[in-house]
1. With each run of n ≥ 4 DSSP H residues scored as -39500 (n - 2.57), what mean residue ellipticity at 222 nm is computed for the chain after dividing by its residue count and rounding to the nearest 500 deg cm²/dmol?
2. So I have (i) 1.22; (ii) 1.04; (iii) 0.98, and one of them is Rg/Rh (Cα atoms, Kirkwood Rh) calculated from this model. Which one is it?
3. Rank these for me by crowding, Ile93, Ile176, going from fewest to most other beta carbons within 10 Å.
4. Cross-link list Lys137/Lys199; Lys70/Lys96; Lys62/Lys199; Lys70/Lys199; Lys96/Lys189; Lys62/Lys116: which exceed 30 angstrom alpha carbon to alpha carbon?
5. In what order do Val25, Val11, Val210 fall by count of nearby beta-carbon atoms within 10 Å, going from fewest to most?
6. Once the other residues with Cβ under 14 Å from the Cβ of Ile55 are scored (Lys, Arg +1; Asp, Glu -1), what is the net sum?
7. Give the order of Glu167, Glu105, Glu77 when sorted by the count of other beta carbons within 10 angstrom, beginning with the fewest.
8. What relative contact order, as a whole-number percentage, does the chain give when Cα pairs under 8 Å and 6 or more residues apart are counted?
Amino acid sequence: MKWQNYLSEFVYGGIDGCVTTFAVVAGAAGANLESSIVIVLGLANLIADGFSMSIGAFLSSKSDHDSYSKHRRSVAEMADRFPAKAKEQLRNIFQKKGLEDPVLEDAVVMVSRNQKVLTDTIARESGVILPDVKQPKSVAGITFMAFMIVGAIPLSVYLIDMVFPLETNLFTLSSILTGLGFVVIGWLKSYVNETSILKGVAETLLLGLVAAALAYYVGYFLDRLI
């Protein structure tokens, strides 16, 4: 498995994990909850949401593969039963790509000799999206791993404080570390999408800031209402 092929899954799993967990931490901080409660809520949310997201990624990827495989089988059956129709479809495909006789006819004859190539060519060009080479299990695994690793950053300060008490404001330190995590993830997102690094970092930081602010003030107001 080539890790670079799954970089996009790592990026988006990491973003979701960091935003989700930091929102829990921010909401707990706004409600003045104890560190032990922050850890319980954060870990429960981290594991449950990470598992849910990875399952969703697995099912989505598997659905794409299954859909294309079903379509490919129907094309193969059509080519076996109606070879003349399959050749005509090939001819139309190559014509749309700009081929003209005699090259056009030579291409149709050559591709028609190989059943697999013929089937793949018609299947790819008939409007059904070809799934990428990523395996559903690997997509789910990378997504879950990224969610857990990056999503643990906001909680790390509270976990360390349990063992080695920190003489500082835990939420402030957690916010700083989470901000650095957003910077790294934003940079990776820009790398994957081949966009401006500054824009990618700014977008990710803004996303985290908005989510944290909403969660913090929801916790703040609920703490005073209840």
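Every number in this text was worked out from the coordinates using simple rules, so none of it is lab data. Since the structure is predicted, the reported quantities are computational estimates derived from the model, not experimental observations. Using ideal geometry, Cβ is built from the backbone for each residue, glycine included, and neighbour counts are taken over all protein chains shown.
1. Details: 9 runs with 186 residues, N = 226.
Taken over the chain, the calculation gives -28500 deg cm²/dmol.
2. Read-out from the structure maps to (i).
3. Details: Ile93 18, Ile176 11.
In order of increasing Cβ crowding within 10 Å: Ile176, Ile93.
4. Values: Lys137/Lys199 32 Å; Lys70/Lys96 25 Å; Lys62/Lys199 32 Å; Lys70/Lys199 41 Å; Lys96/Lys189 35 Å; Lys62/Lys116 22 Å.
Pairs exceeding 30 Å: Lys137/Lys199; Lys62/Lys199; Lys70/Lys199; Lys96/Lys189.
5. Details: Val25 29, Val11 25, Val210 12.
Fewest-to-most Cβ neighbours within 10 Å comes out as Val210, Val11, Val25.
6. Values: positive: Lys62, Lys137; negative: Glu9, Asp16, Asp49.
Local charge sum for Ile55: -1.
7. Details: Glu167 5, Glu105 14, Glu77 11.
Fewest to most other Cβ atoms nearby, the residues stand as Glu167, Glu77, Glu105.
8. Answer for the chain is 42 percent.
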